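Visitor: Got a structure here, written out as structure tokens. Questions coming.
The values are calculated or read from the model by the stated rules, or taken from the named source; none is laboratory data. Just so it is clear, the model here is predicted, and its values are computed rather than measured. Here the Cβ positions follow ideal geometry from the backbone for every residue, glycine too, while neighbour counts run over all protein chains shown. Note: accessible area is taken over every heavy atom of the protein model, side chains too, but ligands, DNA and RNA are not part of it. Shrake-Rupley method; radii C 1.70, N 1.55, O 1.52, S 1.80 Å.
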Amino acid sequence: MRFTALVILIDPPAWPAHGRLWSHLASDSSAEELHRFAAEAGIPRRAFEGDHYDVPEERYHELVAAGAVATSSKVLLAAIVAAGLRRPRRRGEVVLRSRTVQDYYPGAGPCRVDVIRSTLEIPSAATRSGWWLDVRGDTVRLQRGADGWVLPTLVPVASGGWRSPMPVPAGPDGPPEPGPDASHGRLSPPLAPDDSRDRLPSRPAPEDSDGRGLPTLSGGDVAGTPLGYVRVRLLGPPGGEYDGPLPWVFRPVRRPARTGPGAWVPIPEVAEAMAAEDVWPLVERLRAEQTPDSGAR
């Protein structure tokens, strides 16, 4: 089947998820027209999946009556591909958790936050601070922050690659407050090519057994290996406070090439306190992958 004019397509509700059946709503030529149709039909932007909208089965007939053309899943997919709108599938990636967060970054408005297990490099240069993550058996490498254990932070450097913030000595009252990159509440500022933070020390920071300070990984340790990423998608126009990329932000999670400062902490001891952290689903996933017969794939 060929469509000679711009058409909004919908396939039968045959895709099970969350106890319901779902249809795909797509355009044969224009993402802008698809967004316009969806907005007029009251479909929230968070239902957009890169090249189509997911819509529940109870809305199928309503959307057909509104002008969507009923077709098969095969024809819908072929139309997206022919129009160059198909989002490439990244093999082996698994979405571990998705949730909607208001103002994930100041002024960002509602955001969809996906935690993704992946051994591929992040799919975009629109990055902000992320995390170093090292899981071995039932333990995870953590550092002490102002309010308890935290994952070490990594930031992009202007010359490419990743590194940790420079170490900060602990004061007499305990470890320092985490910097702005230690939480999702603030964006890392852009790095100029001559930014002093891009100058790595000639030798690694000493091991810190009690978890205080922040590690600096230098030389070949800058890159590490990818374990996954947190994908933040802005679902609407941001406010004036927001100065990050649109509509996506990617926060990498990588395994360092060597063990940095910190302490190995039993995962069960901190699971409850850290369950709401962005990266915690990845901690649990990596732990399961190292457990025989866990079923993690």
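Visitor: Could you check, for the stretch 205-222, whether at least one of its residues is open to solvent by less than 40 Å² (accessible area, probe 1.4 Å), part of a strand (DSSP E or B) and either modelled with pLDDT of 50 or more or touching a Phe, Trp or Tyr at 6+ places or on another chain (Cβ under 8 Å) (or both)?
Guide: The answer is no, given that none of the residues of the stretch 205-222 is open to solvent by less than 40 Å² (accessible area, probe 1.4 Å), part of a strand (DSSP E or B) and either modelled with pLDDT of 50 or more or touching a Phe, Trp or Tyr at 6+ places or on another chain (Cβ under 8 Å) (or both).
Visitor: Looking at (1) within 30 Å of V283 (Cβ to Cβ); (2) surrounded by 16 or more Cβ atoms within 10 Å (Cβ to Cβ), which is the only condition R91 fails?
Guide: Result: R91 fails condition (2) only.
Visitor: Return yes when G137 is at pLDDT 90 or above, open to solvent by 30 Å² or more (accessible area, probe 1.4 Å), of a type in the set (G, A, S) and farther than 15 Å from W280 by Cβ and no when it is not.
Guide: yes
Visitor: Next up: Name the pairs whose Cβ atoms lie under 7 Å apart, with the first residue in the stretch 261-285 and open to solvent by less than 40 Å² (accessible area, probe 1.4 Å), the second of a type in the set (S, T, N, Q), and 6 or more positions between them or separate chains?
Guide: From the stretch 261-285, the pairs are P261/Q143; G262/Q143; A263/S209; V265/T139; I267/T139.
Visitor: Sort through A82, A65, A38 and tell me the only one that's among the aliphatic types (A, V, I, L, M) and open to solvent by less than 60 Å² (accessible area, probe 1.4 Å).
Guide: A38
Visitor: Does W15 count as surrounded by fewer than 16 Cβ atoms within 10 Å (Cβ to Cβ) and among the aromatic types (F, W, Y)?
Guide: When the stated conditions are applied, W15 passes them.
Visitor: Which residue, of V115, V94, V55, is modelled with pLDDT of 90 or more, within 21 Å of D278 (Cβ to Cβ), in contact with a helix residue (DSSP H, G or I) (Cβ under 8 Å, 6 or more places away or on another chain) and of a type outside the set (D, E, K, R)?
Guide: V115
Visitor: Also, I was wondering about something else. Report yes if some residue within the stretch 249-259 is over 30 Å from G109 (Cβ atoms), of a type in the set (A, V, I, L, M, F, W, C), assigned to a loop (DSSP other than H, G, I, E, B) and at pLDDT 75 or above; otherwise report no.
Guide: Yes, because at least one residue in the stretch 249-259 is over 30 Å from G109 (Cβ atoms), of a type in the set (A, V, I, L, M, F, W, C), assigned to a loop (DSSP other than H, G, I, E, B) and at pLDDT 75 or above.
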